[in-house]
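The structure under discussion appears below in the form of structure tokens.
Each reported figure results from applying straightforward, stated rules to the coordinates on display, with no laboratory input. As the structure is a prediction and not an experimental result, all values here were calculated from the model. When we count neighbours, we look across all protein chains shown, and the Cβ atoms used for this are built from the backbone with ideal geometry, even at glycine.
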Amino acid sequence: MRGRNIKHIPIVVLFLIAVIYVIQERNLPVRQYGAKTGVPVIRVHDGDTISVIMQAKKEKVRLVGIDAPELGQRPWGERAKKYLETLVDASDRRVRLECDVAQRDTYGRSLAYVWTENGEMINILMVKSGHAVLYTIPPNVRYAHELREAQKEARDMGVGIWSEKGLKEMPGDYRKRHPRT
């Protein structure tokens with residue numbers, strides 16, 4: 001009888017570690033930049049990357065949780081970039097940045113949820129309008145549910161890349177076939 005109980009100890013320990021991780025993750029402080037005045041956007045690179053001035057230096061920021069068509073995916077890449085420019089312009093080219101758990105990607109870009117001056121999340125607006133797709137990479141999943149709902153709404157309405165003549169290849173698949181040089 002005692003030998004059987006010992007077999008369950010690793011499972012119980014793993015379960016407790018998972019519970020502690022979830023509790024701590026929810027209690028992590030939210031790191032925000034530009035919370036009061038916003039940070040200036042100096043460039044929109046494409047549909048999911050901008051450059052801002054943060055702490056007196058230029059910083060490239062990748063919008064977390066989304067993947068916009070590449071510029072080579074005509075016409076959708078250019079449309080995504082233009083729509084992101086429209087959202088940034090509507091916010092007087094100032095945005096607030098909210099980081100999740102991982103704060104940089106493998107290219108050294110800051111990872112952030114980007115908010116307009118009036119409190120709308122640009123990441124969600126890009127997905128809801130059909131200019132980007134859901135692209136979550138753990139541990140950065142704080143708004144995964146909201147982004148998933150936005151994508152469902154865009155697909156159901158057939159807007160943007162989800163329209164009848166929409167995007168033929170997901171951005172990730174396109175990048176695999178056209179790797180960076």
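Numbers at a glance
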| item | result |
| --- | --- |
| Ascending count of other beta-carbon atoms within 10 Å, so fewest first, for Ile137, Ile9 | Ile9, Ile137 |
| Cα-projected label distance for Gln55 with Met170, points at 7 Å along beta-carbon direction, nm | 3.4 |
| For Met121, Met126, Met54, order by how many other beta-carbon atoms lie within 10 Å, fewest first | Met54, Met121, Met126 |
| Ranked by how many other beta carbons lie within 10 Å on average, peptides 42-51, 156-165 from highest | 42-51, 156-165 |
| Three-way shape label, segment 30-92, alpha-carbon gyration tensor, a/c 1.5 | prolate |
| Global geometry of segment 138-178, whether rounded, prolate or oblate, following the gyration tensor of its Cα atoms and the 1.5 cut on a/c | oblate |
| Ascending count of other beta-carbon atoms within 10 Å, so fewest first, for Tyr174, Tyr113 | Tyr174, Tyr113 |
| Theoretical gain in end-to-end length, Lys7 to His178 [0.36 nm per residue, Cα-Cα removed] | 56.7 nm |
| Relative counts (whole %) of C-alpha pair distances in segment 89-163, using bins that are 5 Å wide | 3, 17, 22, 22, 20, 13, 3, 0 |
